[in-house]
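For reference, the structure discussed in these notes is given below.
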């Protein structure tokens, strides 16, 4: 490296963001993820022994995925080749593989291929990596914020060990912030600033386990404070201004979407209006499609409230129409109303379960013909063949009910619908018993 190149590199390092300058250089400096890189953990021992298998590091932003990859680069004797799936393509992969093959053949030197944001590679790009991981030409490290089960090809995933990194705890974020504030060479120590306790607590809380968010806001607040003559303390107002508004950890096309709607559905089903409203707020704040939420409410009304409170379906459909008519931000109001209504309504999935059992019989049993008495005799020939014979018209009988068979002979005593004792269904249950007797004595098909 020439003197000019060395000076340029030093200048770039000096101008790098605080989050980049403060990346740990050793495992002793690494904060968090003890379950993955603790002293006695398998991955830590494999790295230090330079016997690293192909791995995928999966975790939220700012949890240390890229940092961990750089630590591996500093420890390994293999050639470390990092690329980003955002800016690289198949040509880069093929070049690295060709160089790795030459390196292995001529010098018996291994190559580690690190692909940051591996989920940005499509199937064809990931397929380029697969055979070279399989034959040992490269050891693969992928980093992703998305669930590898969805975003990484199954063949490549099967050849890697997945290590799930977690959001940093508030205590871990606080450690990182305090270290950056006091470190004189790479951090902000030369500014001689202190961070008020309320400001520190707010910064840690709003960072939400993301070290990068915390350090970026700290750097902005520190330089804003140092520009004020005589100022030595970063206060809460300055930190709040530097943070502005936290972006929610939510990907409308990824796991955040599925996890959050799952939590919302389970909260409504579990009769927790508070839990349901919280997850609804998370989705609204993240910009989720309000019609998607409304559709889920309609499904919930039919599946989980059902006949215990039949009005729930009408209200959910009304909410869907209101959302479509209003648009955001006003649409959040009918969404909240429907959410609370469904969460606090009596619950029954009896109609849903009844259909599932009927479908099971339809799929597993022979399709018997419709009994003659249930057929409609629209021609003389049909009447002569017995169509409609012995059918009894319910309205001609007391209470508009008469007992007769409505199922094929082999399913004569099958009872699919079993009403609960919740809400309106309690009345339905009484009527069913009056008409058909004790349902418990009937064959439920279960």
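Explain nothing, just the number: relative contact order of region 170-243, from Cα pairs under 8 Å at least 6 residues apart, as a whole percent.
So the answer I get is 35 percent.
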Separation of alpha-carbon centers, region 36-51 and region 124-153, rounded to whole Å: 21 Å
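Compute the length gained on full extension between residue 16 and residue 171: take 0.36 nm times their separation in residues and subtract their Cα-Cα distance, giving the result in nm to one decimal.
53.3 nm
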Within region 361-381: backbone nitrogen closer than 15 Å to the residue 405 label point (7 Å, Cα to C-beta): 368-375
Correct choice for Kirkwood radius over Cα pairs in Å that was computed from the model, options (1) 23.6; (2) 22.6; (3) 27.8: (3)
Region 324-354 versus region 275-289: alpha-carbon centroid distance in Å: 13 Å
Rel. contact order, % - alpha carbon contacts under 8 angstrom, at least six apart, region 33-164: 34 percent
0 to 90° range, to nearest 10: angle between helix 170-182 axis and the chain longest Cα axis: 20 degrees
Inter-label distance, nm, simple model (7 Å from Cα along the C-beta direction), residue 368/residue 292: 4.5 nm
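Hey, what number do you get for the chain at 222 nm if only DSSP H runs of n ≥ 4 count, each worth -39500 (n - 2.57), divided across all residues, to the nearest 500?
Computed mean residue ellipticity for the chain: -15000 deg cm²/dmol.
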Estimated distance in nm for a label pair at residue 51 and residue 414, the labels positioned 7 Å out from Cα along Cα-to-Cβ: 5.9 nm
Potential lengthening between residue 393 and residue 95 on full extension [0.36 nm per residue; Cα-Cα distance subtracted]: 99.3 nm
Relative contact order of the chain, defined on C-alpha pairs under 8 angstrom at six or more residues apart (%): 11 percent
Candidates 265, 176, 428: whichever shows maximal mean-square fluctuation once the chain is modelled as a Gaussian network with Cα springs under 10 Å: 428
Degrees, to the nearest 10: 123-134 long Cα axis against longest axis of the chain: 60 degrees
Length released on extending from residue 106 to residue 375, taking residue separation times 0.36 nm less the Cα-Cα span: 88.6 nm
Rounded FRET efficiency, nearest 0.05, which uses the C-beta distance separating residue 27 from residue 244 and R0 of 41 Å: 0.75
Footprinting exposure proxy for 350, 149 (fewest neighbouring C-beta atoms within 10 Å first): 149, 350
Residues 35, 107 arranged by fewest to most Cβ contacts within 10 Å: 107, 35
Residue order, fewest to most surrounding Cβ atoms within 10 angstrom, among 140, 121, 223: 223, 140, 121
Between region 155-214 and region 106-120, the alpha-carbon center distance in angstrom: 27 Å
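Readers should treat all values here as calculations from the given coordinates under stated rules, not as data from a laboratory. Small disclaimer: the values here were computed from a predicted structure and weren't measured. Note: ideal-geometry Cβ built from the backbone for every residue, glycine included; neighbour counts use all protein chains shown.
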